[in-house]
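Worksheet: the structure to be examined is printed underneath.
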C-alpha cells in the first residue's frame, strides 16, 4: 500500500491567490485627521437651570390669556428651540405668538428677558 500525503493549498495553481505576497500589496488607507470647523458659539438655554426657567415661564403663562393646552405646547417648543438651536430662534418663535395676538407686549418682553437671563454661550 502506498501512502499519499496531501497538503492543502500547495502544489496546485488554482489554490494560489492572485497576489504572490499574500495580500501585502493592498493599499492601506492612511489616517487623515478631520479638520474641525469652529462654529460660532451661540446663546442657548442653560440646562443646569431648566427647572427655574420652567417655573418662571409658568408664572408668566399662567397670568396670560393663553389657553392652558396651548401654553403647555408653547413652553415645550420654546424650551426645545432655546436648548437645541439658540435663544434667538426661541425669541423668533415667541414673536410669532405675539404677532398672532396670543401674548401681550409685556409678556413678550418678560419671556425675552427670561431667555436672556437663563442662557449661556455654547
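What the table shows:
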| quantity | calculated |
| --- | --- |
| Pair residue 55, residue 92: separation of 7 Å Cα→Cβ label points (nm) | 3.2 |
| Ordering of 99-107, 114-122, 77-85 by packing [mean C-beta count within 10 Å, highest first] | 77-85, 114-122, 99-107 |
| Whole-Å distance, taken between Cα centres, linking the range 22-61 and the range 98-115 | 30 |
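All of the numbers you see were taken from the coordinates with simple rules; none came from a lab. In this text the structure is predicted, and so the values were computed from the model without any measurement. With ideal geometry, Cβ positions are generated from the backbone for all residues, glycine too; neighbour counts draw on all protein chains shown.
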